[in-house]
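Following: one structure in structure tokens, then a few remarks.
Just so it is clear, none of the values below were taken in a lab; they were calculated from the coordinates. Treat the numbers as computed from the prediction; the structure is a model and nothing was measured. All Cβ positions, even for glycine, are placed from backbone atoms using ideal geometry, and neighbour counts span all protein chains on display.
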Amino acid sequence: MKISVITVCYNSVATIRDTIKSVLEQDYSNIEYIIIDGGSKDGTLEIINEYKNKIAKIISEPDKGIYDAMNKGIYVSTGDYVGTLNSDDIFSHSKVLSDVARLLENTEFDAVYGDLILVDRENTSKIVRRFPSKYFKKWKIRFGFMLPHPTFYARRNLFDELGYYKLNYRVSADFELITRFLKRGITTTRISDVMVKMRQGGISSNGFWWRIHQNFEIVRACKENGIYTNIFLILFKIPAKLLSYIK
């Protein structure tokens, strides 16, 4: 079974090497690694090209944002399952994709997901926040809860059948896509382990107004997929989020 891993990046010279190494150090052999760069000017491409013989596809050109870049990666991917590992993220250990393959090979599951931790930007051993996936249930979507997108690996053909990331979302196209997939009845299974370490400071976690915008996009994503919600129901998730910072 081939697994496609897509890294999207733009001016990520400070972190891209860690991301690439965490993919190349996976002990699973049948990986198609794809990097979609937005036309970096800071030395990111020079680092990527150091590993070009071990990367299946490298595309560097201007794009319309992170979700456009993800779509480009999916378009050119040829794996049975596909997931993303952004340039601020690293796999938590070398057996992550082996665990993915073990659960998905010879099964009828359409997708897999697991746990994620938010870590300090400079010290990736320092946990800032935990995103345990075991508490996720579909009914919680209307309250703004979602399984951790960086751990989500889905059948490649689902994107052709159910659609790609919508570019009219600025920060919540991942929430909308997974909501759409789940509403259409895909089957999922869970890895009971931390799959990804995500560095603090991503676009969807920076600043008060970005969070407000994200919540309104979540309301819109629910409504577009036939799930009743409103901004007040979404705000119910705040106490749970505060608890996730407790180590």
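Extension gain for the segment Arg121 to Trp210, taken as residue separation times 0.36 nm less the Cα-Cα distance, is 30.1 nm to one decimal. Relative to the current alpha-carbon distance between Ile58 and Ala14, full extension at 0.36 nm per residue lengthens the span by 14.0 nm. If a paramagnetic tag sat 7 Å from the Cα of Lys134 along the Cα-Cβ line, which residues of region 182-203 would have the backbone N under 17 Å from that point? Residues 189-196 fall inside that zone. Applying 1/(1 + (r/R0)^6) with R0 = 22 Å to the Cβ-Cβ distance of Tyr228 and Asp160 gives a FRET efficiency near 0.15.
Placing pseudo-labels 7 Å out from each Cα toward the beta carbon at Lys21 and Glu46 gives an inter-label distance of 1.8 nm.
So how tilted is helix 208-224 from the main axis of the chain? Cα-based, degrees 0 to 90, rounded to 10. Helix 208-224 sits at roughly 80 degrees to that axis.
Considering only Ile117, Gln214, Ile234, and ranking their Cα positions along the charge dipole of the chain that arises from unit charges at the beta-carbon of Lys, Arg, Asp and Glu, the one farthest toward the positive end is Ile234. In this structure, the residue pairs whose Cα-Cα separation is over 21 Å, taken from Lys95/Lys166; Lys137/Lys237; Lys54/Lys126, are Lys95/Lys166; Lys54/Lys126. Computed over neighbours whose Cβ is under 11 Å from that of Leu147, the net charge equals +3, Lys and Arg +1, Asp and Glu -1. Remark: the Arg220-Leu235 segment gains 4.0 nm on full extension, using 0.36 nm per residue and subtracting the alpha carbon distance. Look at the dipole of region 157-203 built from charges on Cβ: of Asn157, Ala173, Gln200, the Cα furthest out on the positive end belongs to Gln200. Across region 95-226, C-alpha contacts under 8 Å between residues 6 or more apart give a mean separation that, scaled by the residue count, equals a relative contact order of 35 percent.
Ordered by the number of other Cβ atoms lying within 10 Å of each residue's own Cβ, fewest first, Leu45, Leu24, Leu116 fall into the sequence Leu24, Leu45, Leu116. When Lys237, Lys64 are arranged by Cβ crowding within 10 Å, least crowded first, meaning fewest neighbours, the order is Lys64, Lys237. Here the Kirkwood formula puts the hydrodynamic radius of the chain at 18.3 Å, using every distinct Cα pair.
Residues whose amide H falls under 5 Å from that of Thr189, counting only those 5 or more places apart or on a different chain, are Ala111, Val112, Tyr113, with hydrogens built in the peptide plane. Phi angles across region 84-99 convert, under the Karplus curve 6.51 cos²θ - 1.76 cosθ + 1.60 with θ = phi - 60°, into 3J(HN,Hα) values of 10, 9, 6, 6, 9, 10, 9, 5, 6, 7, 7, 9, 4, 6, 5, 5 Hz, Gly and Pro given as x. Between amide H atoms placed 1.01 Å from N, distances below 5 Å from Arg129 occur with Leu118, all of them 5 or more places distant or on a separate chain. Evaluated with a Cβ-only charge set (Lys, Arg +1; Asp, Glu -1), the chain carries a dipole of roughly 1020 debye about its Cα centre, given to the nearest 20. Fewest-first ordering of Ser40, Ser98, Ser125 by other beta carbons within 10 Å of each residue's beta carbon gives Ser125, Ser98, Ser40.
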